[in-house]
Amino acid sequence: MVGVRQFDEDEVIATALDVFWRKGLHDATMQDLAAATGVQRGSLYNAYGDKEAIFLRAFDQYAEQFLEAAGNALGQGDAAAGLKSFFEMIIVNMTDGAPPRGCLTTRTALDATISSAEVRQRVRDVLAGLEALVAKTISATPGRRSNADANRLARVIVTFTRGLAVMERAGYSRKQLKETAATFIDAVVGEG
């Protein structure tokens, strides 16, 4: 039947996400996507347009799931418990796989310097979403910080997560990353 897709779109996007996560937006090719998904390049072009359009669909799906998981993690107990759960989720997310897959948002942010404005905006949206979730957790701590302070601290915490992503790429182990995050949490929310 003409015009009817002969593949499962959710499966194709999930597989494409894995390709982009492993190779990055700029190093992944349409041939890589076709080989991984089992869908011919022409069909991918017809269905989605170009490689960036496929990436944006995959990244949007990832961002939604990632922010939901981050919100759930941050909602665990008080600010210290929420941050601990959040960093655990972040560290497991980037150290999964063999070899570890790293952080898709950070990888894309680094690629974004040569990407379109649309890709750069998607990265900023994810980071802003993370900041909002972290600020909400921090500001919910009774008597601890004003909303302005919580927002500034949230940006520092999100910036720290990007540093963890770089450390993971440099070969730091999951254990080392967790120890680093625990020290950071103590410094941020520890009793003063």
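On the given criteria, is THR159 modelled with pLDDT of 95 or more and either closer than 23 Å to GLU68 by Cβ or assigned to a helix (DSSP H, G or I) (or both)? It is true that THR159 is modelled with pLDDT of 95 or more and either closer than 23 Å to GLU68 by Cβ or assigned to a helix (DSSP H, G or I) (or both). The C-beta contact set for segment 96-123 (first residue over 14 Å from PHE66 (Cα atoms), second residue at pLDDT below 85 and part of a helix (DSSP H, G or I), distance under 6 angstrom, 6+ apart or interchain) comprises VAL119/ALA112; ARG120/ALA112. Every listed requirement among (1) under 22 Å from ALA98 (Cβ atoms); (2) under 17 Å from the mean Cα position of the chain (by Cα); (3) of a type in the set (D, E, K, R) is met by ARG162 save one, (1). Do the conditions hold for LYS51, that is, is it of a type in the set (Lys, Arg) and in contact (Cβ under 8 Å) with a residue 60 or more places away in the chain? It is false that LYS51 is of a type in the set (Lys, Arg) and in contact (Cβ under 8 Å) with a residue 60 or more places away in the chain. One residue alone among GLY77, GLY24, GLY42 is on the phi > 0 side of the Ramachandran plot and surrounded by fewer than 16 Cβ atoms within 10 Å (Cβ to Cβ), and that residue is GLY77.
Residues that are polar (S, T, N, Q) and farther than 20 Å from GLN76 by Cβ were ranked within segment 116-150; the one that is surrounded by the fewest Cβ atoms within 10 Å (Cβ to Cβ) is SER146.
Annotation note: Cβ proximity below 8 Å between a residue of segment 71-84 that is more than 18 Å from THR183 (Cα to Cα) and a residue that is of a type in the set (Ser, Thr, Tyr) and buried (at least 16 other Cβ atoms within 10 Å of the Cβ) (sequence gap 6+ or interchain) occurs for ALA73/SER85; GLY75/THR137; GLN76/SER85; GLY77/SER85.
Picking from residues in segment 80-115 that are of a type in the set (Gly, Ala, Ser) and over 12 Å from the mean Cα position of the chain (by Cα), the one that is surrounded by the fewest Cβ atoms within 10 Å (Cβ to Cβ) is ALA98.
The values are calculated or read from the model by the stated rules, or taken from the named source; none is laboratory data. This is a predicted model, so every value here is computed, not measured. Don't worry about glycine lacking a Cβ; one is built from the backbone with ideal geometry, like all the others, and counts go over all protein chains shown.
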